[in-house]
Amino acid sequence: MAYFLQQLVNGIALGSIYGLIAIGYTMVYGIIGMINFAHGDIFMVGAFIALIAFLLIMSLGLTLVPLALVLVLIVAMLLTAMWGWTVERIAYRPLRESFRLAPLITAIGMSIILQNFIQVAQGARVKPLQPVVTGGYQIFNAGGFAVNLSNIQILIVLTTVVLMGVFSLIITRTALGRAQRACEQDRMMAALSGVNVDRTISLTFVMGAALAAVAGLLYLLYYGVIDFFIGFVAGIKAFTAAVLGGIGSLPGAMLGGLIIGLIETFWSAYFTIEYKDVAAFSMLAVVLIFFPSGLLGRPEVEKV
Amino acid sequence: MNEPVKSLSHRLEAALLDALLAAYVAFALFCLTLGFKTVDSVGGLTLQSRPVLLAAVVGAVFVGRLLLNLFVWQTDRPLTEPFARLFTSEPLSRRDLFVLGAVALLSALASLVSPAARLVAGGVFAFLIVGAIRRAILHFFPNLPYARIFTVGGIAFAVLFPITSYLLEKAFHLGLPVRYLLDLSIVVLTYMMLGSGLNIVVGLAGLLDLGYVAFYAVGAYSFAILAMDFGWSFWMCLPFAGLLAALWGCTVGLPVLRLRGDYLAIVTLAFAEIVRIVLLNWTNVTNGPNGISGIPKPTFFGLPFGASGETFSAFFGLRYDPLHAIIFLYYVIFLLVIITNLVTLRLRRLPIGRAWEAMREDEIACRSLGINTTITKLTAFATGAMFGGFAGAFFATRQGFISPESFTFMESATILAIVVLGGLGSQLGVALAAIVMIGGFEALRHTQGLKVIFGPDFDPALYRMLLFGIAMVVIMVWRPRGIISSRTPSIVLERQRGSPRFLAKERRA
């Protein structure tokens, strides 16, 4: 029981990170109907920016960790959002009226570019960071097995909940959110009623990338080690989460993220840790076969 | 970008503003990722600042954008026009000739000054010469079937190349690196085979398969296991390797082929990763990360290649030479490439091939005409997978050693880049792209000019995938049909309402 609870805690923390990345996939899919394959790598770039920003701030003499983390968060969100914007501007916008396969191929190209850019610029070795957020609480003790809730896990879940709240408000209450929903339904009609479609799509990428940067920072703090390849596996898993929750649905992405995080954690805890990625990836196939519209999504109708 | 041309000061101002904005974006992108390098040291990671590199990159973006704005984008007579026109059959104006001449002269002068510029000048001259030759040939013989001449010439060269270079070397001892050239050609041909196989899936059927390397891996491992554990020969295993890969293709494809193309892409990616993880962990069959070694080489009608015993050289009364085995391997993969392309060529004429191409253009129209798109996709997927399996078996027998390391996503990405660059659906294009991208990179490694520019430790191999990625994006944005975009459509209307190139273009948004 205690073991189960501990895994539950771990799974929720991991799932929150996947959920944050999944939101980027789901928003972009909702608005332009394409999978942004480079999103996983935007997350990776975000993690690297956070790492470098953190080291830079530390070396400048700021030792107050909470303030440093807030600064890092802001810097990472801003700079990663710039990457998201640039990727859209270079690789997707010119192809908006092109054939179906074209933006998918540029997305793969962008993913390769980002991975290899970081590999060339920062080296291929893994980058370790000593634990920044330490400590925690023991919430339960059964027969010598303590269930721990660490501060970093609390931080992850709190940040995710707050960001989810903020972004839900943006989508439902602001003019930008209204424009996004309008573009989702009918881009042509939205443009005719005065919505700046290009700008709205750009801002969607910016928002997705900013959330990916947060996920990158949390991942860095949680695992304490990153490399240029983390975006690949995390990207597929977050995408699985988005599909599982129903692609295009914001709460669905979060729910899917949590489920994928839990599946992965429990699989590693009770079966084999080597095959944890296989479990998450197989989930993708299972979901697509049995309920392709996901838990909270609407079935897709292709119009001619 | 298509604003009316304004006065010079206006243009200059707009260009400067735009370039400044671009430089600002570049600075935001690179200030942390490129401006600092994380270095391992005793007390954990430390940062090393690289202001010069950062300034150079941002400066290059500024200057490049400014020049593009001034001379290409915001003018009605772009400076790139003469270069583009060189590769058409339109007559060159006096201004075109002047621009081309000036560029040639400038690069010649620059190459006198610095050895680094020689590299650029070489590229410029190659471009100009190729353009001039192309124009001359088209001028004198406008109606020859060039694609066919090129194909036949290429095949003839490929057939003769190993034998002639081997005999020349044996007869005259010219010091040709025959062994190296043959090994490189075998690698190029292997990628050509993989590209041709993937081309069926991506280029003809329009299904984006990001996990092609899985079929390559299935082929390689099924050959290795059949050969090692059952003692089968290469030629017995080859069909099985293809068959097993095709079977795996069906298994992967069946569940997702009903869905939209994007899903297929990511599922294939996930499945390829599953295959790699299973290969890595299923130790008692695949030997895990240590891989399988000692895989037997193919035999020449039962005659092995070796120094002693009943071998190829003994049978034909030749003196033993390790090059014989390599030349034989070359012809094996060459044959496989030819078979793949001949089969593709024939399939394109069959109803199934027509259905593939129709499906690529418009799936809904296809379905409404009574084509079973699931079966059609599955056949394309399985056919592509089968050729991937053949290539895998060949890879295993040539290397003699395989491990999951060889079947990563980067391999899939390389193969996809070859197909995209060659032009989706163009067989000749894929062949050329394999030569340029695999062989060209090998050539870059031996180029001295690069070392002069970037320092003696410069290794282009590090930048290979980065350049492949950039090439994929640039090609898709600039020429979505690949470098060789004059792909002949399989069916053309009798009375053409547009040029064939127009018909070949996809109109779907």
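A few points about this structure:
- Pairs with Cβ under 7 Å, 6+ apart, first in region B:395-412 and over 22 Å from B:L467 (Cβ atoms), second at pLDDT below 90 and aromatic (F, W, Y): B:T397/B:F234
- Subset of region A:53-70 (residues that are assigned to a helix (DSSP H, G or I) and out of contact with any helix residue (DSSP H, G or I) (no Cβ under 6 Å at 6 or more places or on another chain)): A:L55, A:L56, A:M58, A:S59, A:V65, A:P66, A:L67, A:L69, A:V70
- Exclusive hit being among the small types (G, A, S), within 24 Å of A:V287 (Cα to Cα) and touching a residue at least 60 places away in the same chain (Cβ under 8 Å), set B:A241, B:A217, B:A272: B:A272
- Members of region B:268-288 that are at pLDDT below 85 and either outside any loop (DSSP other than H, G, I, E, B) or not assigned by TED's automatic domain parsing to the domain that holds B:F395 (or both): B:T283, B:N284, B:V285, B:T286, B:G288
- Qualifying residue in region B:67-83 (condition: more than 30 Å from A:Q130 (Cα to Cα), at the interface with chain A (Cβ under 10 Å from one of its Cβ atoms) and in a helix (DSSP H, G or I)): no
- Selection status of B:L92, within 30 Å of A:P128 (Cα to Cα) and assigned by TED's automatic domain parsing to the domain that holds B:R134: no
- Each residue in region B:26-56 was checked for being of a type in the set (A, V, I, L, M, F, W, C) and more than 10 Å from chain A (Cβ to nearest Cβ), and 5 pass.
Let's see how each residue does on (1) surrounded by fewer than 17 Cβ atoms within 10 Å (Cβ to Cβ); (2) more than 24 Å from the chain's Cα centre (by Cα):
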{"site": "B:T251", "(1), (2)": "yes, yes"}
{"site": "B:R258", "(1), (2)": "yes, yes"}
{"site": "B:D262", "(1), (2)": "no, no"}
{"site": "B:T268", "(1), (2)": "no, no"}
{"site": "B:N281", "(1), (2)": "yes, yes"}
{"site": "B:P296", "(1), (2)": "no, yes"}
{"site": "B:S313", "(1), (2)": "no, yes"}
{"site": "B:F316", "(1), (2)": "yes, yes"}
{"site": "B:A355", "(1), (2)": "no, yes"}
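- All positions within region A:236-253 that are surrounded by fewer than 24 Cβ atoms within 10 Å (Cβ to Cβ) and within 21 Å of A:V162 (Cβ to Cβ): A:S249, A:L250, A:P251
- Conditions (1) away from chain B (no Cβ under 14 Å); (2) crowded, with 24+ Cβ neighbours inside 10 Å; (3) not aliphatic (A, V, I, L, M); number of the one not met by A:F48: (1)
- Sole residue being over 19 Å from B:F407 (Cα atoms) and either part of a helix (DSSP H, G or I) or of a type in the set (D, E, K, R) (or both), chosen from B:F215, B:F240, B:F223: B:F240
- Criterion (among the small types (G, A, S), part of a loop (DSSP other than H, G, I, E, B) and either at the interface with chain B (Cβ under 10 Å from one of its Cβ atoms) or more than 22 Å from A:F228 (Cβ to Cβ) (or both)) met by exactly one of A:S16, A:S98, A:S111: A:S98
- Residue in region B:244-267 that is nearest to the other protein chains (Cβ to nearest Cβ), counting only those that are in contact (Cβ under 8 Å) with a residue 12 or more places away in the chain and not in a helix (DSSP H, G or I): B:R258
- Qualifying residue in region B:299-321 (condition: part of a helix (DSSP H, G or I), away from chain A (no Cβ under 14 Å), hydrophobic (A, V, I, L, M, F, W, C) and in contact with a helix residue (DSSP H, G or I) (Cβ under 7 Å, 6 or more places away or on another chain)): yes
- Residue satisfying condition, being outside the structural domain of B:L444 (by TED's automatic domain parsing), of a type outside the set (S, T, N, Q) and touching a helix residue (DSSP H, G or I) at 6+ places or on another chain (Cβ under 7 Å), within set B:A108, B:A136, B:A102, B:A132: B:A108
- Residues considered: B:F127, B:F87, B:F71. Of these, the only one that is over 30 Å from B:F458 (Cα atoms) and surrounded by 14 or more Cβ atoms within 10 Å (Cβ to Cβ) is B:F71.
- Residues located in region B:357-377, provided they are assigned to a helix (DSSP H, G or I), among the hydrophobic types (A, V, I, L, M, F, W, C) and surrounded by fewer than 18 Cβ atoms within 10 Å (Cβ to Cβ): B:I364, B:A365, B:I375
- Residues satisfying the stated conditions in region B:283-294, i.e. within 32 Å of the chain's Cα centre (by Cα), at negative phi and more than 14 Å from chain A (Cβ to nearest Cβ): B:N290, B:I292, B:S293
- Where A:T80 falls short, out of the listed (1) crowded, with 18+ Cβ neighbours inside 10 Å; (2) free of Cβ contacts under 8 Å to residues at least 40 places away in the same chain; (3) among the β-branched types (V, I, T): (2)
- Out of A:V126, A:V87, A:V120, one residue alone is more than 8 Å from chain B (Cβ to nearest Cβ) and either under 30 Å from A:L5 (Cβ atoms) or surrounded by 15 or more Cβ atoms within 10 Å (Cβ to Cβ) (or both). It is A:V87.
- Conditions (1) within 23 Å of A:I74 (Cα to Cα); (2) at pLDDT below 90; (3) under 14 Å from the mean Cα position of the chain (by Cα); number of the one not met by A:S168: (3)
- Residues satisfying the criterion are absent from region A:139-148 (criterion: within 14 Å of chain B (Cβ to nearest Cβ) and either outside any helix (DSSP H, G or I) or within 20 Å of the chain's Cα centre (by Cα) (or both)).
- Helices (runs of 4 or more DSSP H) wholly inside region A:187-304 containing at least 3 residues that are within 9 Å of another protein chain (Cβ to nearest Cβ): A:230-245, A:276-290
The values are calculated or read from the model by the stated rules, or taken from the named source; none is laboratory data. This is a predicted model, so every value here is computed, not measured. Neighbour counts run over all protein chains shown; Cβ positions are idealised from the backbone, glycine included.
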